[in-house]
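Undergrad: One structure is given below, represented as structure tokens, and several questions about it will come after.
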Amino acid sequence: MNNNSILVIGACGQIGSELVFKLRAIYGNDKVIASDIKNGSDELMQNGVFEILDATYKGAILQIIKKHNVSEVYLMAAMVSVTAEKYPHNAWDLNINSLLYVLELAQEGYLKKVFWPSSIAVFGKTTPNIDTPQITITEPSTVYGISKLAGERWCAYYKAKYGIDVRSVRYPGIISWKTPPGGGTTDYAVEIYHKALSDGSYDCFLSEDTRLPMMYMDDAIDATISLMDADLPNDFASYNISATDFTPKEIAESIKKQIPDFSINYSPDFRQQIADSWPENMDDSQAKKDWNWKPNFDLEKMTETMLENLRLIKE
Ligand code: AKB
């Protein structure tokens, strides 16, 4: 990065807030502008510049880019699977129009580099669901997945047609003790740790054998920042990235190693159908080959880290 600054849009969300802290630690507090449609934590707002920004207005994004001499954008604002099913039009508006505006601003010469997150939600029932390849059938059945697939195609289009440097990964479910997720199908894998400590039990909205790809937050942030720093092949790819995969029963077993009395109950609801349309795990060999992607957290390490830190903040 040169003297210009980085703008994180959606800085108060689950991944956005931790991304801001990491980017500020690397590039300096004054070089990373956090923005969101609503105020964030005191830490996020006071350690550096914070701007209120509605990413569905191109003019508002441009104003902040000009004001802070922004050259890189991480566009993290999105409505994820469960919320997007409730508000399909709003989800499409936020997930796609914000992306189109940022890509247009890059095309108009305001930006040098863009990060845009995709998701395992681009896959659907017809996708091979074990070791899902990088390039395969993508017939998503959710509003969220449809918007992420369209977004990937828009990124590929802007890269091929205008040479825009846009980079992307397909995040699996992300787990962190610092920031809560909101409105996703994989959220159970965060809630379960909180409930294990507060109630000693958890009522899971997915069935015991629903296997999904998951990742600890530190790995997700590492993937994001190292992808942005890498020398990549010329063709756009939204990269599959894998760290671990497990079922509700397996995460419960790993919690029981530390909280022997912990119990889990299963009451699958409408979210089961969404989970059933997603892969169990993904083949991320292209990310490994193109930019040396390597995760550090498996299920056991994640459980130890989650419980240790949640215990500390609950004390
Ligand atoms: C969700 O559950 O909707 C998200 C995702 C997999 O992108 N966490």
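Undergrad: Could you list, in sequence order, the residues of segment 83-140 that are away from the ligand (no atom under 13 Å from the Cβ) and of a type in the set (D, E, K, R)?
TA: Asp93, Glu104, Glu108, Lys112, Lys113, Lys125, Asp131, Glu139
Undergrad: Another question, if that's okay. Determine which member of the set Asp231, Asp199, Asp209, Asp218 is within 18 Å of Gln286 (Cβ to Cβ) and either of a type in the set (D, E, K, R) or within 16 Å of the ligand (Cβ to nearest atom) (or both).
TA: Details: Asp199 fails: within 18 Å of Gln286 (Cβ to Cβ); Asp209 fails: within 18 Å of Gln286 (Cβ to Cβ); Asp218 fails: within 18 Å of Gln286 (Cβ to Cβ).
Asp231 is the lone residue from the list that is within 18 Å of Gln286 (Cβ to Cβ) and either of a type in the set (D, E, K, R) or within 16 Å of the ligand (Cβ to nearest atom) (or both).
Undergrad: Next up: Within segment 73-107, which residues are within 11 Å of Ser147 (Cβ to Cβ) and among the aromatic types (Phe, Trp, Tyr)?
TA: Within segment 73-107, just Trp92 meets the criteria.
Undergrad: Moving on. Looking at segment 145-163, can you tell me whether even one residue there is more than 9 Å from the ligand (Cβ to nearest atom), of a type in the set (Lys, Arg) and not in a helix (DSSP H, G or I)? Walk me through how you get there before you give the answer.
TA: Restricting attention to segment 145-163, the residues satisfying the condition of being more than 9 Å from the ligand (Cβ to nearest atom) are 146-147, 149-163.
Right, trim to of a type in the set (Lys, Arg) and you get 153, 159, 161.
Then drop every residue that is not not in a helix (DSSP H, G or I), which leaves none.
No; the residues of segment 145-163 include none that is more than 9 Å from the ligand (Cβ to nearest atom), of a type in the set (Lys, Arg) and not in a helix (DSSP H, G or I).
Undergrad: Further question: Just give me the residues in segment 194-208 being under 17 Å from Pro181 (Cα atoms) and part of a loop (DSSP other than H, G, I, E, B), in sequence order.
TA: Matches in segment 194-208: Phe205, Leu206.
Undergrad: Go through segment 194-216 residue by residue and tally those that are of a type in the set (Asp, Glu) and under 13 Å from Ile251 (Cβ atoms).
TA: Narrowing segment 194-216 to residues of a type in the set (Asp, Glu): 199, 203, 208-209.
Remaining after also requiring under 13 Å from Ile251 (Cβ atoms): 208-209.
So the count comes out to 2.
Undergrad: Just wondering, is there one or more residues in segment 163-181 that are among the hydrophobic types (A, V, I, L, M, F, W, C), within 20 Å of Arg271 (Cβ to Cβ) and within 19 Å of the chain's Cα centre (by Cα)?
TA: First, the residues of segment 163-181 that are among the hydrophobic types (A, V, I, L, M, F, W, C): 164, 166, 169, 174-175, 177.
Checking which are within 20 Å of Arg271 (Cβ to Cβ) leaves us with 174-175.
Next, from what is left, pick out any that are within 19 Å of the chain's Cα centre (by Cα): 174-175.
Yes, some residue in segment 163-181 is among the hydrophobic types (A, V, I, L, M, F, W, C), within 20 Å of Arg271 (Cβ to Cβ) and within 19 Å of the chain's Cα centre (by Cα).
Undergrad: Only residues that are assigned to a loop (DSSP other than H, G, I, E, B) and within 21 Å of Lys148 (Cβ to Cβ): list them for segment 260-294, please. Even if it seems obvious, please write down each step before you answer.
TA: Of segment 260-294, the ones assigned to a loop (DSSP other than H, G, I, E, B) are 260-262, 267-270, 277-281, 283-284, 292-294.
Passing the criteria: Phe270, Ser277, Trp278, Pro279, Glu280, Asn281, Asp283, Asp284, Trp293.
Undergrad: Taking the condition of being at pLDDT 95 or above, β-branched (Val, Ile, Thr) and in a loop (DSSP other than H, G, I, E, B), how many residues in segment 164-191 meet it?
TA: 3
Undergrad: On to the next question. Would you pick out the residues in segment 260-290 that are buried (at least 19 other Cβ atoms within 10 Å of the Cβ) and either under 21 Å from Ala243 (Cα atoms) or among the aliphatic types (A, V, I, L, M) (or both)?
TA: Pass one, segment 260-290, residues buried (at least 19 other Cβ atoms within 10 Å of the Cβ): 262, 264, 271, 274-275, 277-279, 281-282, 284, 287.
Matches in segment 260-290: Ile264, Ile274, Ala275, Ser277, Trp278, Pro279, Asn281, Met282, Asp284, Ala287.
Undergrad: Given the conditions (1) in contact (Cβ under 8 Å) with a residue 24 or more places away in the chain; (2) away from the ligand (no atom under 16 Å from the Cβ); (3) within 18 Å of the chain's Cα centre (by Cα), report the number of the one that Met282 does not fulfil.
TA: In the conditions (1) in contact (Cβ under 8 Å) with a residue 24 or more places away in the chain; (2) away from the ligand (no atom under 16 Å from the Cβ); (3) within 18 Å of the chain's Cα centre (by Cα), Met282 misses (2) alone.
Undergrad: In segment 219-237, which residue that is crowded, with 19+ Cβ neighbours inside 10 Å and in contact with a Phe, Trp or Tyr (Cβ under 8 Å, 6 or more places away or on another chain) is farthest from Ile175 (Cα to Cα)?
TA: Met228
Undergrad: For segment 234-255, state whether one or more residues are part of a loop (DSSP other than H, G, I, E, B), among the β-branched types (Val, Ile, Thr) and within 16 Å of the ligand (Cβ to nearest atom). Step through it out loud before you land on a result.
TA: Here is the first cut: in segment 234-255, the residues part of a loop (DSSP other than H, G, I, E, B) are 234-237, 241-243, 247.
If we keep only those that are among the β-branched types (Val, Ile, Thr) too, we end up with 241, 247.
From the residues that got through so far, the ones that are within 16 Å of the ligand (Cβ to nearest atom) too are 241, 247.
Scanning segment 234-255 turns up at least one residue that is part of a loop (DSSP other than H, G, I, E, B), among the β-branched types (Val, Ile, Thr) and within 16 Å of the ligand (Cβ to nearest atom).
Undergrad: Can you tell me which residues in segment 14-45 are under 17 Å from Leu75 (Cβ atoms) and without any contact (Cβ under 8 Å) to a residue 12 or more places away in the chain?
TA: Across segment 14-45, there are no qualifying residues.
Undergrad: Run down Glu85, Glu72 and say which single residue is at pLDDT 95 or above, of a type in the set (Asp, Glu) and within 19 Å of Gly182 (Cα to Cα).
TA: On the way: Glu72 fails: within 19 Å of Gly182 (Cα to Cα).
The match here is Glu85.
Undergrad: Same structure again: Scanning segment 182-196 for residues that are closer than 26 Å to Asp261 by Cβ and within 15 Å of the ligand (Cβ to nearest atom), which turns out surrounded by the fewest Cβ atoms within 10 Å (Cβ to Cβ)? Give the steps one after another, and end with the answer.
TA: As a first pass, look at segment 182-196 and keep what is closer than 26 Å to Asp261 by Cβ: 186-196.
Right, trim to within 15 Å of the ligand (Cβ to nearest atom) and you get 186-192.
Numbers: Thr186: 27, Asp187: 21, Tyr188: 22, Ala189: 25, Val190: 23, Glu191: 15, Ile192: 22.
Among those residues, the one meeting the criterion is Glu191.
The values are calculated or read from the model by the stated rules, or taken from the named source; none is laboratory data. Because the structure is a prediction, the values reported are computed rather than measured. Backbone-built Cβ (ideal geometry, glycine too); neighbour counts: all protein chains shown.
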